[in-house]
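Let me begin by presenting the structure, written as structure tokens, before commenting on it.
The values are calculated or read from the model by the stated rules, or taken from the named source; none is laboratory data. Quantities reported herein were computed from a predicted structural model and do not represent experimental measurements. Cβ coordinates were reconstructed from backbone atoms using ideal geometry, including for glycine residues, and neighbour counts include every protein chain displayed.
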Amino acid sequence: MNILGDISCEEFLNEYWQKKPLLIRNAFPDFEPPVNPDDIAGLALEEDVESRILIEDPSNQSWQVQHGPFTEESFAELPKENWTLLVQAVDQWIPEFADLLEQFRFIPTWRKDDLMVSFAPKGGSVGPHYDLYDVFLVQGMGQRTWQVGPKCSESDATVDDVPVKILKSMQTDHEWVLNPGDMLYLPPSYAHHGVAVNDCMTFSVGFRAPSEADVLQGFTDHLASQLTNDQRYTDPTLKDASAAPALIDDDAIERFSQILQEKINQKDQLKIWLAQYMTEPKYEDLHEPLEEELEWLDIDNLFQEAQQLTQNETSRWAYFKDDNQVSLFINGQAQPFKQTPTTQTLAEHLANERHTATQEILSYLTDPDCQKLLLDLINGNHLYFED
Ligand code: SIN
Ligand code: CO
């Protein structure tokens, strides 16, 4: 299925991705949402689920925000109109949403943040705003009017004294009413304002991009953690300083600059840090390894009985490749395995595919190194069997 309608993936990436908004009518033809509003409200009652309710009083432009977990009573007390319930990372709770994200695999999976579901009755909105990330807004149920404006920046004024970032004014360049299955792509920083026409669910597929400050800080922390205290600034070529002993001269600056450049230019370290960083879980405590470790004999027959092996919804996978090595990372940790051409092919496949048909990997099962890799991934709860 091509969710980009008439547009090819290449055209989308060249013309629109990170460049300009795009409306795709009927991106998901005959769309059947995997949930109804009650399911979403039910998730918002759960302790481990991140959720918010925004209530707008349109008479005086005031906003109220409440954070979950909610109770049945909190929902009973809501006004009839003009509010929105937002539930984050629903793809980690409802496997059908993780499957929906598969449709976006033309973007690297390590760029994915989460799938957020919103429910709003008529008039519900989160106000005119901009996000710092790319987002695909899929209309799940009902209708929503989207106004899309120009690219914004921190200098654009936001409303004072409200608990959410809302633009004081927003120019509208496009206005579209989205029906179920329609999808709107927005690059980072474009102003947008979506108002529910009737009971409406929107599924936001959000991507993440670390700030340059995070990259610099994260990578230098990673490098610094490997240095010893005796690795220090040295100046064996020092010249007589007595004419101006307080001066930090160009030679000194050059020596410091060299320390930094030598360290920062270590691409091998950058790969490791990046794979760790980009696979860090959104919610650290949500993922648990299996309580009781299994042996190969416990699972051997499951490869015959179960249809597929599925990536756990709470596991983030990524890998990089060097000449003779596939370095696999899951949830911020390296996943070591004996490197052979066979295990490498298997590791790449398992990292790239959310579902692997068990029939497809039967030939690997007689290889003891592949058995060990599969067993470790199953014990780590990164893969599970599905009928
Ligand atoms: C919504 O679903 O109401 C808001 C999504 C967004 O604007 O990012
Ligand atoms: Co937004």
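Filter region 324-346 down to the residues that are part of a helix (DSSP H, G or I) and surrounded by fewer than 18 Cβ atoms within 10 Å (Cβ to Cβ) and list them by number.
Selection gives 341, 342, 345.
For region 104-120, what are the residues that are under 20 Å from residue 50 (Cα atoms) and either assigned to a loop (DSSP other than H, G, I, E, B) or within 14 Å of ligand 2 (Cβ to nearest atom) (or both)?
113, 114, 115, 116, 117, 118, 120
How about region 191-225: which of its residues are within 16 Å of ligand 2 (Cβ to nearest atom), touching a Gly at 6+ places or on another chain (Cβ under 8 Å) and β-branched (Val, Ile, Thr)?
195, 202
Going by what's in this entry, would residue 124 be described as outside any strand (DSSP E or B) and at pLDDT 95 or above?
Considered against the rule, which asks whether it is outside any strand (DSSP E or B) and at pLDDT 95 or above, residue 124 comes out as yes.
Find the residue count for region 129-150, including only residues that are farther than 22 Å from residue 4 by Cβ and either touching a His at 6+ places or on another chain (Cβ under 9 Å) or assigned to a loop (DSSP other than H, G, I, E, B) (or both).
7
Which of (1) over 20 Å from the mean Cα position of the chain (by Cα); (2) among the charged types (D, E, K, R); (3) not in a strand (DSSP E or B) is the odd one out, the single condition residue 175 does not satisfy?
Answer for residue 175: the failing condition is (3).
Can you say whether residue 195 is out of contact with any helix residue (DSSP H, G or I) (no Cβ under 7 Å at 6 or more places or on another chain), touching a residue at least 12 places away in the same chain (Cβ under 8 Å) and surrounded by 18 or more Cβ atoms within 10 Å (Cβ to Cβ), as far as the supplied structure shows?
Yes; evaluated as a whole, the condition is true for this residue.
So which helices (runs of 4 or more DSSP H) stay within region 1-79 end to end and still have 3 or more residues that are more than 24 Å from residue 101 (Cβ to Cβ)?
Output list reads 72-76.
Out of all the residues in region 219-235, is one or more away from ligand 1 (no atom under 16 Å from the Cβ), buried (at least 18 other Cβ atoms within 10 Å of the Cβ) and without any contact (Cβ under 8 Å) to a residue 60 or more places away in the chain? Can you show your working first?
Within region 219-235, the subset away from ligand 1 (no atom under 16 Å from the Cβ) is 219-235.
If we keep only those that are buried (at least 18 other Cβ atoms within 10 Å of the Cβ) as well, we get 219.
Going one step further and asking which of them are without any contact (Cβ under 8 Å) to a residue 60 or more places away in the chain, we end up with 219.
Yes.
Consider only pairs whose beta carbons are under 8 Å apart and that are at least six residues apart or on different chains; among these, list those whose first residue lies in region 44-73 and is over 27 Å from residue 283 (Cα atoms) and whose second residue is among the hydroxyl-bearing types (Ser, Thr, Tyr).
56/62; 56/125
Among the numbered conditions (1) within 27 Å of residue 198 (Cα to Cα); (2) out of contact with any Lys or Arg (no Cβ under 8 Å at 6 or more places or on another chain), tell me where residue 98 comes up short.
Only one criterion in (1) within 27 Å of residue 198 (Cα to Cα); (2) out of contact with any Lys or Arg (no Cβ under 8 Å at 6 or more places or on another chain) is unmet by residue 98, namely (2).
Pull out all pairs, ordered by first then second residue, where Cβ-Cβ is under 9 Å, the residues are six or more apart or on different chains, the first lies in region 124-146 and is of a type in the set (Asp, Glu), and the second is within 13 Å of ligand 2 (Cβ to nearest atom) and not in a strand (DSSP E or B).
131/188; 131/189; 134/187; 134/188
Look at region 8-38 and say how many of its residues are farther than 16 Å from residue 176 by Cβ, in contact with a strand residue (DSSP E or B) (Cβ under 9 Å, 6 or more places away or on another chain) and not aromatic (Phe, Trp, Tyr).
Number of matching residues: 6.
Within region 134-163, take every residue that is out of contact with any Ser or Thr (no Cβ under 9 Å at 6 or more places or on another chain) and within 28 Å of residue 278 (Cβ to Cβ) and give me the one that is nearest to ligand 2 (Cβ to nearest atom).
134
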